[in-house]
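The values are calculated or read from the model by the stated rules, or taken from the named source; none is laboratory data. For clarity, every value in this text was computed on a predicted model and none was experimentally measured. As a convention, Cβ positions derive from the backbone with ideal geometry for all residues, glycine included, and neighbour counts pool all protein chains shown. Accessible surface is based on the protein model in full, side chains and every heavy atom, while ligands, DNA and RNA are left aside. Shrake-Rupley method; radii C 1.70, N 1.55, O 1.52, S 1.80 Å.
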Amino acid sequence: MSERRRRALRALRKNTTRSPAHPAAEQPPAPAGSGESAPQPSSVITAALYQGGRRTSSHTTLAETFRQLRAESGGMAWIGLHRPTPAELQSLADEFDLHPLAIEDALEAHQRPKLERYGETLFVVLRAARYLDAAEEVDFGELHVFVGPDFVITVRHGAAPDLPAVRRRMEDSPELLERGPEAVLYAILDAVVDGYAPVVGGVENDIDEIETEVFANAPEVSRRIYELSREVVEFQRATRPLAKILDGLSAGFEKYGIDEELRRYLRDVADHATHVTERVDGFRQALQDILTVNATLVSQQQNEEMKALAEAGHAQNEEIKKISSWAAILFAPTLVGTIYGMNFDHMPELHWALGYPFAILLMAVVCTSLYVLFKRRDWL
């Protein structure tokens, strides 16, 4: 026995054989004055038995379902669970001889889509999806399906897919439901794949909106591209393994005697899955192209802003040079006038008859020289 299987068995036994000293771990405390603990809500959504493609009985507990299935021959049990407890999964494992590794996967969830065969039991993991219009995002769910000779067990983690609709559809087609558990499995596969169509439409609409926002220079478009890219990657992880799952089912047609009607049904599901996978792959490439265009546009915008800043800085420098040049020109006569305005008795040229014209001429020469110098250097 492998180490993983040993761990799975130990985990299941631990969860289903808790000590009575810890009742709170299994169920909430009983109301005051009662003599026993309040029962824990069951995760059983629907448990029904079918004969000849028609429902013969419905049950609220797994024990009743097991008892009735053993009492009838040639029937099929279809049990739907939502986030079951370890004890419920263990009871299913004991009744239908389910493999511990499959039970461990169904309990832990967060598995990749896959198909496993354990003896006469098929174990299928699917990733369903639905598009939330209000939030404009994709919500992913996980579905585990056990298919045996006389039973179908669905373990759902999340809101998708709409399994009650699948059950109603099959019950409205007793000739298809009469074909057994394999027909139920293919109906579930079809529902999961068909559920991808609104998601594909929603993502496609989001991509169109993002393209518009990119060329409109919307401020939050980069963040939206990143978030949608993550959803598309998650979508790819849900859809790409479907081809391998469907090929694995097709490979068992002859060995397990699947009739021609179900084979056609499965081939139709495979065609739809291939179409969805190709569309999702195209979305990822489109988002990569949009991201490249957005980066180019952002870079161009930054370059234009830097160019405008450089031009503004150049114009500012030109103005500063002009102001500085005129300040230097005006400083020369101010300096001469300041010197000759000093109140000293013994200064050269104070009593000279040509002192005043000389000072004026000196100011004019200095100012003219500075003007010519600054003009030649394009400062003025």
Quiz item: With respect to the numbered conditions (1) within 14 Å of Ile153 (Cα to Cα); (2) in contact (Cβ under 8 Å) with a residue 12 or more places away in the chain, which one is the sole condition not fulfilled by Asp94?
Solution: (2)
Practice problem: Output the number of residues of the stretch 71-81 satisfying the condition of being in a helix (DSSP H, G or I) and polar (S, T, N, Q). | Solution: 0
Quiz item: Which ones in the stretch 42-61 are closer than 20 Å to Leu177 by Cβ and either outside any strand (DSSP E or B) or open to solvent by 50 Å² or more (accessible area, probe 1.4 Å) (or both)?
Solution: Ile45, Gln51, Gly52, Gly53, Arg54, Arg55, Thr56, Ser58
Exercise. Identify, from the list Ile225, Ile245, Ile210, the residue that is closer than 20 Å to Pro181 by Cβ, in contact (Cβ under 8 Å) with a residue 12 or more places away in the chain, among the β-branched types (Val, Ile, Thr) and surrounded by 13 or more Cβ atoms within 10 Å (Cβ to Cβ).
Key: Ile245
Exercise. Those residues that are in a loop (DSSP other than H, G, I, E, B) and of a type outside the set (Asp, Glu), I need them from the stretch 332-354; list them, please.
Key: Gly341, Met342, Asn343, Phe344, His346, Met347, Pro348, Leu350, His351, Trp352, Ala353, Leu354
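Kindly check whether there is at least one residue in the stretch 362-372 that is outside any helix (DSSP H, G or I), open to solvent by 50 Å² or more (accessible area, probe 1.4 Å) and of a type outside the set (Asp, Glu).
Looking through the stretch 362-372, none of the residues is outside any helix (DSSP H, G or I), open to solvent by 50 Å² or more (accessible area, probe 1.4 Å) and of a type outside the set (Asp, Glu).
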Quiz item: If we scan the stretch 143-151, do we find a residue that is more than 21 Å from Ala191 (Cα to Cα) and at pLDDT below 85?
Solution: no
Practice problem: Can you confirm whether the stretch 310-320 contains a residue that is open to solvent by less than 70 Å² (accessible area, probe 1.4 Å), part of a helix (DSSP H, G or I) and in contact (Cβ under 8 Å) with a residue 40 or more places away in the chain? | Solution: no
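Look at Leu185 and say whether it is over 14 Å from His275 (Cβ atoms) and either crowded, with 19+ Cβ neighbours inside 10 Å or of a type in the set (Lys, Arg) (or both).
When the stated conditions are applied, Leu185 passes them.
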Quiz item: Does Tyr196 count as in contact (Cβ under 8 Å) with a residue 60 or more places away in the chain, in contact with a Phe, Trp or Tyr (Cβ under 7 Å, 6 or more places away or on another chain) and closer than 25 Å to Leu143 by Cβ?
Solution: no
Quiz item: In this structure, is Glu64 surrounded by fewer than 19 Cβ atoms within 10 Å (Cβ to Cβ) and within 36 Å of the chain's Cα centre (by Cα)?
Solution: no
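I'd like to check something: does the stretch 337-348 contain any residue that is modelled with pLDDT under 85, of a type in the set (D, E, K, R) and open to solvent by 80 Å² or more (accessible area, probe 1.4 Å)?
yes
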Practice problem: Return a yes/no flag: does the stretch 272-282 have any residue that is part of a loop (DSSP other than H, G, I, E, B) and either modelled with pLDDT under 80 or under 19 Å from the mean Cα position of the chain (by Cα) (or both). | Solution: no
Quiz prompt | Residue satisfying all of: in the stretch 47-65; touching a His at 6+ places or on another chain (Cβ under 9 Å) and of a type outside the set (Ser, Thr, Tyr); modelled with the highest pLDDT among these | solution = Leu49
